[in-house]
1. Taking the Cα atoms only, what angle lies between the long axis of helix 155-164 and the longest principal axis of the chain, rounded to 10 degrees?
2. What do you get for the angle between helix 98-107 and the principal long axis of the chain? Use alpha-carbon atoms, 0 to 90 degrees, nearest ten.
3. Name the lysines eligible as straight-distance cross-link partners of Lys52: C-alpha to C-alpha under 23 Å, and not fewer than 8 places from it in the same chain.
4. What is the local net charge at Thr54, summed over the other residues whose Cβ is closer than 10 Å to its Cβ (Lys, Arg +1; Asp, Glu -1)?
5. Under the rule a/c < 1.5 gives rounded, and otherwise a/b versus b/c splits prolate from oblate, where does region 34-149 land using the Cα gyration tensor?
6. I need two numbers for the chain: Rg to one decimal and Dmax as a whole number, Cα atoms only, in Å.
7. Helix-derived [θ] at 222 nm for the chain: sum -39500 (n - 2.57) over DSSP H runs of at least 4, divide by residue count, nearest 500?
8. Out of residues 5 or more away from Val89 or on other chains, whose amide H comes under 5 Å of its own, with H placed 1.01 Å from N in the peptide plane?
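The values are calculated or read from the model by the stated rules, or taken from the named source; none is laboratory data. Keep in mind that what you see is a predicted model, and the values were worked out from it rather than measured. Every residue, glycine among them, receives a Cβ derived from its backbone with ideal geometry; neighbour counts consider all protein chains shown. The protein model used for the area step is the full one, side chains on, heavy atoms only, and it has no ligands, DNA or RNA in it. Shrake-Rupley method; radii C 1.70, N 1.55, O 1.52, S 1.80 Å.
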Amino acid sequence: MLKPILSTKWLHQNLKNSKVIILDASPETNVSGLTTEFSDIQITGARHFDIKNTFSDANSSLPNTLPSPSNFENECRKIGINSDSIIVVYDNLGTYTSPRVWWMFKVMGHQHVHILNGGLPNWIDKQYEVEPMIKHQYLIGNFKADFNPNLFADKNDVLKNIASKKSLVIDARSEERFSGTKPEPRKGIRSGHIPNSKNLPFEKVLN
(Lines give C-alpha, C1' and ligand atoms only; values in the text may rest on other atoms or scores of the structure.)
Protein backbone atom coordinates (compact mmCIF):
# COMPACT_ATOMS: atom_id res chain seq x y z
CA MET A 1 0.00 0.00 0.00
CA LEU A 2 1.49 3.32 -1.07
CA LYS A 3 1.73 6.19 1.41
CA PRO A 4 -0.34 9.38 0.98
CA ILE A 5 2.86 11.31 0.24
CA LEU A 6 5.21 9.99 -2.45
CA SER A 7 8.79 11.03 -3.13
CA THR A 8 10.02 12.49 -6.38
CA LYS A 9 12.30 9.44 -6.66
CA TRP A 10 9.30 7.09 -6.56
CA LEU A 11 7.48 9.03 -9.26
CA HIS A 12 10.56 9.20 -11.46
CA GLN A 13 10.97 5.44 -11.20
CA ASN A 14 7.30 4.89 -12.10
CA LEU A 15 6.83 7.35 -14.97
CA LYS A 16 6.31 4.51 -17.45
CA ASN A 17 3.66 2.79 -15.34
CA SER A 18 0.51 3.15 -17.46
CA LYS A 19 -1.66 3.33 -14.34
CA VAL A 20 0.19 6.33 -12.93
CA ILE A 21 -1.48 9.64 -13.77
CA ILE A 22 0.24 12.90 -12.82
CA LEU A 23 -2.00 15.87 -12.09
CA ASP A 24 -0.73 19.44 -12.08
CA ALA A 25 -2.97 21.42 -9.73
CA SER A 26 -0.95 24.64 -9.89
CA PRO A 27 -3.12 27.73 -9.38
CA GLU A 28 -2.94 30.73 -11.68
CA THR A 29 -3.14 33.03 -8.66
CA ASN A 30 -3.31 32.64 -4.89
CA VAL A 31 -4.44 34.75 -1.94
CA SER A 32 -1.38 33.88 0.14
CA GLY A 33 0.96 36.03 -1.92
CA LEU A 34 3.15 33.08 -2.91
CA THR A 35 5.12 33.19 -6.17
CA THR A 36 6.75 30.57 -8.35
CA GLU A 37 9.56 30.47 -10.88
CA PHE A 38 7.90 27.58 -12.68
CA SER A 39 4.65 28.96 -14.08
CA ASP A 40 5.31 27.82 -17.65
CA ILE A 41 6.59 24.26 -17.18
CA GLN A 42 5.20 20.98 -15.91
CA ILE A 43 6.35 17.46 -15.13
CA THR A 44 6.57 15.54 -18.38
CA GLY A 45 3.20 13.99 -19.16
CA ALA A 46 1.32 15.84 -16.44
CA ARG A 47 -2.39 16.63 -16.87
CA HIS A 48 -3.83 19.98 -15.83
CA PHE A 49 -6.27 19.80 -12.90
CA ASP A 50 -8.09 23.14 -12.91
CA ILE A 51 -9.58 23.52 -9.43
CA LYS A 52 -10.95 27.03 -9.95
CA ASN A 53 -12.72 26.66 -13.30
CA THR A 54 -13.36 22.96 -13.90
CA PHE A 55 -13.34 21.15 -10.56
CA SER A 56 -15.53 23.62 -8.66
CA ASP A 57 -19.28 24.17 -8.54
CA ALA A 58 -19.89 26.80 -11.23
CA ASN A 59 -23.33 27.59 -9.75
CA SER A 60 -21.97 28.53 -6.34
CA SER A 61 -21.37 32.15 -5.38
CA LEU A 62 -18.39 31.00 -3.30
CA PRO A 63 -14.94 30.19 -4.74
CA ASN A 64 -13.56 26.65 -5.01
CA THR A 65 -16.76 24.91 -3.91
CA LEU A 66 -16.80 21.12 -4.22
CA PRO A 67 -18.56 20.04 -7.46
CA SER A 68 -21.27 17.40 -7.55
CA PRO A 69 -20.08 13.77 -7.78
CA SER A 70 -21.45 13.48 -11.32
CA ASN A 71 -19.64 16.59 -12.55
CA PHE A 72 -16.42 15.52 -10.84
CA GLU A 73 -16.72 12.08 -12.42
CA ASN A 74 -17.30 13.47 -15.92
CA GLU A 75 -14.40 15.93 -15.74
CA CYS A 76 -12.04 13.22 -14.47
CA ARG A 77 -13.02 11.00 -17.38
CA LYS A 78 -12.27 13.80 -19.82
CA ILE A 79 -8.63 13.84 -18.73
CA GLY A 80 -8.35 10.08 -18.93
CA ILE A 81 -8.63 9.09 -15.28
CA ASN A 82 -9.77 5.53 -14.60
CA SER A 83 -11.10 3.82 -11.50
CA ASP A 84 -7.79 1.96 -11.08
CA SER A 85 -5.55 4.97 -11.79
CA ILE A 86 -2.73 5.72 -9.37
CA ILE A 87 -2.96 9.49 -9.10
CA VAL A 88 0.00 11.65 -8.10
CA VAL A 89 -0.83 15.33 -7.68
CA TYR A 90 1.52 18.29 -7.32
CA ASP A 91 1.60 22.07 -7.68
CA ASN A 92 4.29 24.57 -8.62
CA LEU A 93 4.34 26.25 -5.19
CA GLY A 94 5.62 23.14 -3.40
CA THR A 95 2.64 22.05 -1.33
CA TYR A 96 -0.29 24.43 -1.67
CA THR A 97 -3.25 23.22 -3.75
CA SER A 98 -2.20 19.56 -4.06
CA PRO A 99 -3.63 18.55 -0.63
CA ARG A 100 -7.04 19.86 -1.66
CA VAL A 101 -7.01 17.68 -4.78
CA TRP A 102 -5.97 14.70 -2.63
CA TRP A 103 -9.00 15.33 -0.38
CA MET A 104 -11.32 15.81 -3.34
CA PHE A 105 -10.47 12.38 -4.71
CA LYS A 106 -10.81 10.84 -1.24
CA VAL A 107 -14.26 12.37 -0.72
CA MET A 108 -15.22 11.05 -4.17
CA GLY A 109 -14.23 7.54 -3.11
CA HIS A 110 -10.89 7.14 -4.93
CA GLN A 111 -8.25 5.57 -2.69
CA HIS A 112 -5.20 5.55 -4.98
CA VAL A 113 -4.35 9.25 -4.78
CA HIS A 114 -1.08 10.70 -3.50
CA ILE A 115 0.72 14.01 -3.07
CA LEU A 116 4.18 14.56 -4.58
CA ASN A 117 6.41 15.59 -1.71
CA GLY A 118 7.81 19.07 -2.39
CA GLY A 119 5.86 19.43 -5.62
CA LEU A 120 7.34 20.80 -8.82
CA PRO A 121 10.16 22.77 -7.10
CA ASN A 122 11.48 19.56 -5.53
CA TRP A 123 11.11 17.66 -8.84
CA ILE A 124 13.13 20.32 -10.67
CA ASP A 125 15.71 20.42 -7.89
CA LYS A 126 16.31 16.70 -8.56
CA GLN A 127 16.77 17.54 -12.27
CA TYR A 128 13.98 15.23 -13.40
CA GLU A 129 12.13 15.57 -16.72
CA VAL A 130 9.93 18.62 -17.40
CA GLU A 131 8.23 20.05 -20.48
CA PRO A 132 6.50 23.30 -21.51
CA MET A 133 2.90 23.73 -20.40
CA ILE A 134 0.99 21.83 -23.09
CA LYS A 135 -2.35 20.04 -23.33
CA HIS A 136 -2.19 16.38 -24.27
CA GLN A 137 -5.01 14.37 -25.81
CA TYR A 138 -6.42 11.54 -23.71
CA LEU A 139 -8.70 8.57 -24.16
CA ILE A 140 -11.90 8.95 -22.13
CA GLY A 141 -11.46 7.31 -18.73
CA ASN A 142 -13.89 5.19 -16.72
CA PHE A 143 -13.52 6.98 -13.36
CA LYS A 144 -16.48 6.41 -11.05
CA ALA A 145 -17.26 8.77 -8.17
CA ASP A 146 -18.52 7.27 -4.92
CA PHE A 147 -19.19 10.23 -2.64
CA ASN A 148 -18.20 9.73 1.02
CA PRO A 149 -20.25 12.14 3.19
CA ASN A 150 -18.10 11.32 6.23
CA LEU A 151 -15.25 13.33 4.71
CA PHE A 152 -17.36 16.41 4.06
CA ALA A 153 -18.94 19.12 6.21
CA ASP A 154 -21.26 21.88 5.00
CA LYS A 155 -22.21 25.21 6.53
CA ASN A 156 -25.01 23.71 8.63
CA ASP A 157 -22.64 21.11 10.10
CA VAL A 158 -20.23 23.86 11.13
CA LEU A 159 -22.98 26.05 12.60
CA LYS A 160 -24.28 23.17 14.72
CA ASN A 161 -20.78 22.41 15.88
CA ILE A 162 -20.30 25.92 17.27
CA ALA A 163 -22.74 24.97 20.02
CA SER A 164 -22.07 21.24 20.35
CA LYS A 165 -18.26 21.46 20.09
CA LYS A 166 -18.17 17.79 19.09
CA SER A 167 -15.52 18.46 16.45
CA LEU A 168 -12.40 20.60 16.43
CA VAL A 169 -12.36 23.09 13.56
CA ILE A 170 -8.90 23.93 12.22
CA ASP A 171 -8.30 27.16 10.29
CA ALA A 172 -5.23 26.82 8.03
CA ARG A 173 -4.99 30.50 7.09
CA SER A 174 -2.31 32.87 8.33
CA GLU A 175 -2.42 34.09 11.91
CA GLU A 176 -3.19 37.65 10.74
CA ARG A 177 -6.22 36.55 8.72
CA PHE A 178 -7.40 34.31 11.55
CA SER A 179 -7.18 37.11 14.12
CA GLY A 180 -8.68 39.68 11.74
CA THR A 181 -5.68 42.00 11.97
CA LYS A 182 -5.14 41.67 8.20
CA PRO A 183 -7.97 42.32 5.70
CA GLU A 184 -9.32 39.36 3.75
CA PRO A 185 -7.90 39.33 0.22
CA ARG A 186 -11.25 38.28 -1.30
CA LYS A 187 -13.96 40.90 -1.77
CA GLY A 188 -16.99 40.66 0.49
CA ILE A 189 -15.38 38.27 2.99
CA ARG A 190 -15.39 39.45 6.59
CA SER A 191 -12.29 39.28 8.76
CA GLY A 192 -11.95 36.92 11.69
CA HIS A 193 -12.69 33.24 12.20
CA ILE A 194 -15.34 30.65 13.06
CA PRO A 195 -16.11 30.67 16.82
CA ASN A 196 -14.13 28.04 18.79
CA SER A 197 -11.87 27.22 15.84
CA LYS A 198 -8.11 26.86 16.24
CA ASN A 199 -5.44 28.35 14.02
CA LEU A 200 -2.77 26.16 12.43
CA PRO A 201 -1.26 28.09 9.49
CA PHE A 202 -0.40 25.69 6.68
CA GLU A 203 3.16 27.02 6.40
CA LYS A 204 3.93 25.75 9.92
CA VAL A 205 3.47 22.10 8.90
CA LEU A 206 5.75 22.35 5.87
CA ASN A 207 9.53 21.98 5.79
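1. It works out to around 50 degrees.
2. Here the helix axis deviates by roughly 90 degrees.
3. Lys78, Lys106, Lys135, Lys144, Lys155, Lys187
4. So the environment of Thr54 carries a net charge of 0.
5. Taking the square roots of the gyration eigenvalues as a ≥ b ≥ c, region 34-149 is prolate.
6. So, for the chain, Rg and Dmax equal 17.8, 52 Å respectively.
7. Helix contribution divided over all residues of the chain: -6000 deg cm²/dmol.
8. The list, which skips near neighbours in sequence, is Leu23, His114, Ile115, Leu116.
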